[in-house]
Amino acid sequence: MQQHELEQLIRTIAEEVLDYLGACGMAPPGAETDEAPCTDCDQRCIERCTRRAKQVVAAGADRLSASAPIGAVEADLAPLIDHTLLKPEATRDDIERLCQEALRFGFASVVVNPWYVPLAAERVRGSRVRVCTVVGFPLGATLPQVKLYETEQVLKLGAEEVDMVLNLGALKSGQDEVVESDIRSVVEACHRGGATCKVILETALLTLEEKVRACLASKHAGADFVKTSTGFGPGGATAEDVALMRCVVGPEMGVKAAGGIRSLEELRRMVAAGATRIGASASVRILEEARTGTVDRPVQAGRPAAGSAPSGRIPY
């Protein structure tokens, strides 16, 4: 898809969703201002112009993505990223390395399977790196009581953020009240424990209408974020889905793009579409690309970045 086609699609989706919600009074993302463009504008304002970057922050952006031309903004790239390793075959050494990298680069969190929450919590204790884990993962078809129990247990073990998968079957069956109740029980448990709750929609399996309904159920249930993908589904994050999700939930909720984000360019595309958090296993590679301008630069010669998936699987 060409850039102009993507922009037109995002505009069309945004207009449809605003009409659907009856929220026409809300200014759409990227609304025009009365300020004249720079004479040498190349549409990369956030990367190259500190003044423009500050305007975007003032307008409500939680995080910005930028490369070397703006050091202060680029330094804020790592706290946007959830450094992720959810491979079922991950070892203790893999998780140790994941935590070391998170501490070194200052990522927002490490995302691990529930079994490794105590280890991760021990390794990042005393730092700003948070421990995130998954619930009802990756299918979302777990019983609500089990999701609630799992949430309560991982919070006791040290989790500070929970990424839960909503009940996809119930959503597709039109049981929106069931979906919302399922989400709410996890959200309330998280909030009682002072934790953040993100709801994974698995957008690649949903229609446009279902994505809207999933976002609304998450918002009504009090979730802190909506998230695109598990990374184990048939597709990952797209800028179109991120823009749609942002438009539905409005500015007060977070939007996490996850699934197949392997490069700085892909990360920038998600942030431009409205993402305020990025889930990636290629986090270190992305930062190296941002700092050096070199695509797919290995972290160490002969060794892939921690959490990278084998070819044929969509990295988280």
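Quick notes on this one:
- Looking only at the stretch 212-260, and only at residues there that are surrounded by fewer than 22 Cβ atoms within 10 Å (Cβ to Cβ) and of a type in the set (D, E), the one that is farthest from V135 (Cα to Cα): E240
Yes/no per residue for (1) among the hydrophobic types (A, V, I, L, M, F, W, C); (2) in the same structural domain as T230 (by TED's automatic domain parsing); (3) modelled with pLDDT under 90; (4) under 30 Å from A217 (Cβ atoms):
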{"residue": "A273", "(1), (2), (3), (4)": "yes, yes, no, yes"}
{"residue": "E288", "(1), (2), (3), (4)": "no, yes, no, no"}
{"residue": "T294", "(1), (2), (3), (4)": "no, yes, yes, no"}
{"residue": "Y316", "(1), (2), (3), (4)": "no, yes, yes, yes"}
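- Count of the stretch 207-222 residues which are aliphatic (A, V, I, L, M) and farther than 28 Å from E152 by Cβ: 2
- With respect to the conditions (1) touching a Cys at 6+ places or on another chain (Cβ under 9 Å); (2) of a type in the set (G, A, S); (3) more than 16 Å from K147 (Cβ to Cβ), A237 falls short on a single one, namely (1).
- Where strands (runs of 3 or more DSSP E) sit wholly within the stretch 106-177, those with at least 2 residues that are among the charged types (D, E, K, R) occupy 161-165.
- Each residue in the stretch 237-269 was checked for being part of a loop (DSSP other than H, G, I, E, B), out of contact with any helix residue (DSSP H, G or I) (no Cβ under 7 Å at 6 or more places or on another chain) and within 17 Å of L166 (Cβ to Cβ), and 1 of them qualify.
- Residue that is within 17 Å of C215 (Cα to Cα), within 20 Å of the chain's Cα centre (by Cα) and of a type in the set (S, T, Y), where the choices are T133, T151, T196: T196
- Tabulated pairs, the stretch 194-210, first surrounded by 24 or more Cβ atoms within 10 Å (Cβ to Cβ), second at pLDDT 95 or above and of a type in the set (S, T, N, Q), C-beta under 7 angstrom, 6+ apart or interchain: V199/S218; I200/S229; I200/T230; L201/T228; E202/S229; E202/T230; T203/T228; T203/S229
- One residue alone among E188, E180, E161 is farther than 25 Å from T84 by Cα and at pLDDT 95 or above, and that residue is E180.
For (1) touching a strand residue (DSSP E or B) at 6+ places or on another chain (Cβ under 6 Å); (2) not charged (D, E, K, R), each residue gets a yes or a no:
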| site | (1), (2) |
| --- | --- |
| G136 | yes, yes |
| Q145 | no, yes |
| Y149 | no, yes |
| N167 | no, yes |
| S173 | no, yes |
| V178 | no, yes |
| E209 | no, no |
| C215 | yes, yes |
| K219 | no, no |
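- Selection count, the stretch 234-261, where residues are of a type in the set (A, V, I, L, M) and either within 12 Å of the chain's Cα centre (by Cα) or closer than 19 Å to I81 by Cβ (or both): 9
- When the stretch 178-219 is filtered for residues that are outside any helix (DSSP H, G or I) and touching a helix residue (DSSP H, G or I) at 6+ places or on another chain (Cβ under 7 Å), the ones remaining, listed by number, are G193, A195, T196, C197, V199, L201, E202, L206.
The values are calculated or read from the model by the stated rules, or taken from the named source; none is laboratory data. In this text the structure is predicted, and so the values were computed from the model without any measurement. A quick note on method: Cβ atoms are made from the backbone with ideal geometry, for glycine too, and the neighbour counts reach across all protein chains shown.
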